[in-house]
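Working notes for the structure below.
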Amino acid sequence: MAFTSHSSPAALFVLFLFTTHLNNYLSARKILSSEFHTDTDFIRTSCNATTYPDLCFATFSSYASEIQANPKMLATKSLTLALNTTLSASQTLTDLCKTQGLKPNEAAALHDCVEEISDSADEFTRSISEMEEIQGKSFAFRMSDVETWVSAALTDEDTCMDGFSENAMDEDIKAAVTTAIEKVAQMTSISLSFVNQYAGSK
């Protein structure tokens, strides 16, 4: 079925969702069909499907023996590490809020950022709990929830950085926030990729 310039927004959105899930499915199948000589091979292949393959491999290769070649364990571990990174960033932001001589716009942006990152931490916590659930909702429904929550965490991080887009912000504070949030955003992106891979593996 061809979509023309007169296709409805709803039809185009459905096509986008279908294409996204198809790509996730094909990526997961490619990984699962690969032969892994070591647990590290699985990590490397999985990381190559992420936006940050080098950071991903450097982070997860040390957990290779724990994760083995198990997509669920990889996704769960990524959520745990993303949560830890988020909690560390939250502490950094909380400490920055105590900085003497903050301008009103800086204090407001930091306060909003703390709230956004707190929301991200909650979404990771819920996701980890959902990954461990074996009864109740179907696998597809459960994974859809996790994908939604991790995607929401990524949006929270973007919203946090939006508050520091003003040129009037103190450069040192902006740099500290940027460093902390970039780490969280990168880990969240990797985690979302692994969750999508696991969701497409069934």
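Counting Lys and Arg as +1 and Asp and Glu as -1, each charge on the Cβ, what is the dipole of region 43-202 about the Cα centre in debye, to the nearest 20? Could you put the intermediate results ahead of the total?
Working: 11 positive and 24 negative charges, 168 e Å.
It comes to approximately 800 debye.
A Förster radius of 22 Å, combined with the Cβ-Cβ distance separating E182 from T155, puts the computed FRET efficiency at roughly 0.90. Assuming R0 = 30 Å, can you tell me the calculated FRET efficiency for the pair K103 and D54, based on Cβ-Cβ distance, to the nearest 0.05? With a Förster radius of 30 Å, E is 0.20. 3J(HN,Hα) couplings calculated from phi for region 93-101 with the Karplus curve 6.51 cos²θ - 1.76 cosθ + 1.60 (θ = phi - 60°) are, in sequence order, 5, 4, 5, 5, 4, 8, 4, 6, x Hz; Gly and Pro show x. Here the accessible area is traced with a 1.4 Å probe on the protein chains. For region 105-202, carbon and sulfur cover 48 percent of it. Amide H to amide H, with H built 1.01 Å from N, G163 comes under 5 Å of no residue 5 or more places away or on another chain.
What does a probe at A168 reach in region 89-126, counting residues whose amide N is under 17 Å from the point 7 Å along Cα→Cβ? Label zone hits: 101-112. Packing here is the average count of other Cβ atoms within 10 Å per residue, and on that basis the peptides 108-116, 75-83, highest first, run 75-83, 108-116.
Backbone geometry of region 46-56 corresponds, through the Karplus equation with coefficients 6.51, -1.76 and 1.60 at θ = phi - 60°, to 3J(HN,Hα) couplings of 5, 5, 5, 8, 9, 6, 10, x, 5, 4, 4 Hz, x marking Gly and Pro. Computed from backbone phi, the HN-Hα couplings of region 136-143 come to x, 5, 5, 4, 4, 5, 5, 5 Hz, rounded to whole numbers (Karplus: 6.51 cos²θ - 1.76 cosθ + 1.60, θ = phi - 60°; Gly and Pro given as x). Distance from the Cα centroid of region 38-108 to that of region 115-179 is 12 Å (rounded to whole angstrom).
Relative contact order for region 73-202: 38 percent, from Cα pairs under 8 Å spaced at least 6 residues apart, divided by residue count.
Take the Cα of Q135, step 7 Å toward its Cβ, do the same at S62, and the gap between the two points is 3.7 nm.
As a ratio to 2.2 N^0.38 Å, the alpha-carbon radius of gyration for region 81-174 is 1.30.
The values are calculated or read from the model by the stated rules, or taken from the named source; none is laboratory data. All figures in this text were calculated on a predicted structure; none of them were measured in a lab. Every residue, glycine among them, receives a Cβ derived from its backbone with ideal geometry; neighbour counts consider all protein chains shown. Heads up: the accessible areas ignore ligands, DNA and RNA and are worked out on the full protein's heavy atoms, side chains in. Shrake-Rupley method; radii C 1.70, N 1.55, O 1.52, S 1.80 Å.
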